[in-house]
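The values are calculated or read from the model by the stated rules, or taken from the named source; none is laboratory data. Note that the coordinates shown come from a computational prediction; the quantities given were computed from them, not determined experimentally. Methodologically, a virtual Cβ is constructed for each residue, glycine included, from the backbone with ideal geometry; neighbour enumeration extends over all protein chains shown. All accessible areas refer to the heavy atoms of the entire protein, side chains included, with ligands and DNA or RNA removed. Shrake-Rupley method; radii C 1.70, N 1.55, O 1.52, S 1.80 Å.
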Amino acid sequence: MSQSESVMNTYGRLSVAFSHGEGCWLYDIDGNKYLDALSGIAVCGLGHAHPAVTQAITEQARKLIHTSNLYGIPLQSQLAEKLSSVSGMDKVFFSNSGAEANECAIKIARLYGHNKGIEQPTIIVMSGSFHGRTLATLSATGNQKIQAGFEPLVQGFARAPFNDMSAVQQIIENNSNVVAVLVEPIQGEGGINIPDAEYLPALRQLCDQHELLLMLDEIQTGNARAGHYFAYQQHSGLLPDVVTTAKGLGNGVPIGACLAKGIAAETLKPGNHGSTFGGNPLACAVGLAVMKTIEDENLTKRATTLGEYISAGFTAALKDSGCLNKIKQQGLLIGLELTAPCTELAAIAKDNGLLINVTAEKVIRLLPPLIMTDDEADLLVEKLSALIKNYFSNK
Ligand code: PLP
């Protein structure tokens with residue numbers, strides 16, 4: 001089914017539309033079922049129609065959906081406290097999407113710079129990164145395809161290759177306007193790029209030395225996906241100054257959050273930033289239900305064990321096939337880097353009842369729901385391995 005001409009043509013869409021879902025399964029409008037190994041791009045970590053999410057939405061919708069940030073919002077306070085206690089941050093600003101959460105982080109960094117007397121504050125960002133589609137976040141993004149046609153870009157970003165400490169160090173040494181580093185702990189859109197274990201701790205140290213804010217974009221990696229509530233928590237004792245998240249926090253209900261600590265948490269003052277919808281009672285009720293479910297069902301641990309299980313399955317199935325370059329995996333962020341471009345595989349998989357994504361041309365990106373069972377994981381490995389082998393044998 002194709003999208004109406006009335007919808008702006010901003011997405012290359014596959015020809016399918018879904019009517020409902022349950023757990024890891026989606027059903028199209030003709031009744032065909034699909035195993036969802038993408039979770040709406042890392043959004044539906046609890047799968048589809050999770051009872052805790054449905055209950056939170058329906059109960060809150062019956063009571064109160066929206067008031068305004070001109071008034072107190074108890075559920076927003078509760079969610080901010082919960083996020084702060086889980087992350088080690090001090091304060092939260094709520095938005096409605098990932099890009100907006102990053103806009104908040106960028107504004108914090110700039111104001112932090114201005115407060116220090118730096119008039120042209122610069123944020124170091126990375127090659128291959130993705131931070132969103134607003135003007136500031138696409139300017140921060142390390143992908144020229146996303147920027148093309150939207151020049152002039154927002155100024156105040158300096159770019160280093162991902163996972164390259166000496167490049168970051170060099171920028172800092174040559175530019176006294178640097179105020180912050182913005183980085184994904186694992187690059188998602190860039191092709192599941194996992195940096196060396198020392199990278200984040202070394203960035204933390206460098207930021208401390210130069211009084212820079214370390215700002216982590218955990219929009220894709222957060223909310224248990226990488227095997228910790230936030231991916232940076234794999235490094236014990238490491239705390240960023242700013243963390244952004246969205247996607248999995250609402251399981252499909254739009255919500256984003258910019259968390260900050262210390263001086264970064266005190267930077268924005270009344271009148272500096274805002275959002276009409278951000279942190280409304282409905283979104284926060286759902287965020288609380290999602291966080292409680294992640295905790296109750298121990299889904300951070302499940303992401304670790306299931307991710308390893310799936311990765312081992314693909315290794316066994318594809319190791320001698322000649323199709324697989326390497327598997328990049330942490331928790332339920334899984335990238336199967338194949339030996340040749342394979343963008344068509346997303347459509348082929350869809351036609352075979354499986355939802356996957358291909359990014360960076362030859363990386364199959366799998367972001368399965370955190371609640372996937374072992375049997376469903378076996379089916380994913382079996383089906384997708386067969387499709388990959390068949391695709392390469394016909395190439
Ligand atoms: N940052 C990262 C790391 C993302 O993966 C995404 C979305 O894919 C974004 C930011 C943008 O989030 P949104 O599409 O909710 O604006």
Partner lysines whose C-alpha sits under 19 Å from that of residue 319, ignoring same-chain residues fewer than 8 away, are 328, 362, 383, 389, 395
Longest principal axis of the chain (C-alpha) makes with the long axis of helix 74-87 (C-alpha) an angle, in degrees to the nearest 10, of 80 degrees
The local net charge around residue 123, scoring Lys/Arg +1 and Asp/Glu -1 for residues other than residue 123 whose Cβ lies under 15 Å from its Cβ, equals -2
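Return the loop-located trypsin sites (Lys or Arg not before Pro) in segment 309-355 (DSSP other than H, G, I, E, B) with at most 15 other Cβ atoms within 10 Å of their own Cβ; answer none if there are none. Intermediate values should be presented prior to the final figure.
Details: sites: 319, 326, 328, 350; in loops: 319.
Qualifying residues, ordered by number: 319.
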Placing one equal point scatterer on each C-alpha of segment 31-129 and summing with Debye, one gets log10 I(q)/I(0) at q = 0.17 Å⁻¹ equal to -1.13
The correct pair for segment 217-292, radius of gyration to one decimal and Dmax as a whole number, both in Å and from Cα atoms, is 13.3, 37
Taking a ≥ b ≥ c as the square roots of the eigenvalues of the Cα gyration tensor, with a/c under 1.5 meaning rounded and otherwise prolate when a/b exceeds b/c and oblate if not, segment 119-194 is oblate
Straight-line reach check, residue 63, cutoff 28 Å on alpha carbons, 8 or more apart in-chain or any other chain, hits among lysines -> 82, 91, 247, 292
Order by accessible surface, 1.4 Å probe, largest leading, for residues 315, 276 comes to 276, 315
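Longest segment of the chain with no GluC sites (Glu not before Pro) in a DSSP loop having at most 13 other Cβ atoms within 10 Å? If you can, show how the numbers build up before the last one.
Values: sites that count: 5, 119, 198, 211, 344, 361.
With a cap of 13 other Cβ atoms within 10 Å, the longest stretch comes to 212-343.
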The helix 98-115 Cα axis meets the longest alpha-carbon principal axis of the chain at an angle in degrees, between 0 and 90 and rounded to 10, of 20 degrees
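Could you list the trypsin sites (Lys or Arg not before Pro) in segment 99-184 that lie in coil according to DSSP, counting only those with at most 13 other Cβ atoms within 10 Å of their Cβ? Please list the in-between numbers first.
On the way: sites: 107, 110, 116, 133, 145, 159; in loops: 116, 133.
Qualifying residues, ordered by number: 116.
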Note on segment 52-296, DSSP bridge orientation, antiparallel percent to nearest 5 equals 40 percent
As straight-line cross-link partners of residue 145, the qualifying aspartates and glutamates (C-alpha separation under 17 Å, not fewer than 8 residues apart within one chain) are 189, 361
Quick shape summary for segment 1-58, equivalent ellipsoid via Cα gyration tensor, semi-axes whole Å in descending order, reads 23, 14, 12
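Compute for segment 236-395: radius of gyration divided by Kirkwood radius, i.e. Rg/Rh, restricted to C-alpha atoms, rounded to two decimals. Walk me through the numbers on the way to the answer.
Working: Rg = 19.6 Å, Rh = 18.3 Å.
A ratio of 1.07.
Averaging over every viewing direction, what projected area does the convex hull of the Cα atoms of segment 77-172 cover, in nm²?
Values: hull surface 30.5 nm².
About 7.6 nm², averaged over all directions.
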In Å³ per residue, the alpha-carbon convex hull of the chain encloses 152 Å³
Here, chymotrypsin sites (Phe, Trp or Tyr not before Pro) of segment 1-53 satisfying both criteria (DSSP loop; at most 11 other Cβ within 10 Å) are 11
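So what's Rg/Rh here for segment 250-336, counting alpha carbon atoms and using the Kirkwood radius for Rh? Numbers along the way, then the final one.
Working: Rg = 19.6 Å, Rh = 16.7 Å.
Ratio value, two decimals: 1.18.
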